[in-house]
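The values are calculated or read from the model by the stated rules, or taken from the named source; none is laboratory data. Quick caveat, the model's predicted, so the values are computed rather than measured. So basically every Cβ, Gly included, is an ideal-geometry build from the backbone, and we count neighbours across all protein chains shown.
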Amino acid sequence: MLRRIVVTLLIASFLVGCRSTVERNAIITYDRDVALQLSEVPFEGQYTLYRKRPGEEEAMAIHALNLAPPARVGFSNAADGSVYAHAGELKFVLPSGSYEWKGTAEEMHFDAAKTAILVTSIVVGVIVILLIINHDIEESGGVV
């Protein structure tokens, strides 16, 4: 029984792995009723600003750049009604419309939580295997 648990634990740890499969996901969507919307980018990667026009199926990419935490992306409204996009240290004016920042992780983006699970699983697996070996040796009277 204990051996099955160890094997299952080790297989699960290798399936989890360290790599994150972050796909293109929305970071922040423009809201004309909010004066300033800034969000820290959650991972290192390419961040693209999209504009969605009424009646169109797909949003159009209008600006892309590479950023890493603690950089921020977002939008702000000026007193004169202008809309600004923010990306890191950049700030540029946008025509009125519907916008969204999306991020795509770098190819070798590592997920800290998955890495911790993998390392912990391996350590626990090794300890359990050593305990099983020790238990088998004690039960057999020292003969392996």
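Restricting the search to strands (runs of 3 or more DSSP E) fully inside the range 35-87 and requiring at least 3 residues that are closer than 14 Å to Asn25 by Cα and touching a residue at least 12 places away in the same chain (Cβ under 8 Å) gives 45-52.
Of these, Gly81, Gly74, which one is surrounded by fewer than 17 Cβ atoms within 10 Å (Cβ to Cβ), of a type outside the set (Asp, Glu), modelled with pLDDT of 80 or more and not assigned by TED's automatic domain parsing to the domain that holds Leu131?
On the way: Gly74 fails: surrounded by fewer than 17 Cβ atoms within 10 Å (Cβ to Cβ).
None of the others qualify; the one that does is Gly81.
Of Val41, Val22, Val7, all but one fail to be at pLDDT 85 or above, under 30 Å from Ser121 (Cα atoms) and either touching a Ser or Thr at 6+ places or on another chain (Cβ under 6 Å) or hydrophobic (A, V, I, L, M, F, W, C) (or both); the exception is Val41.
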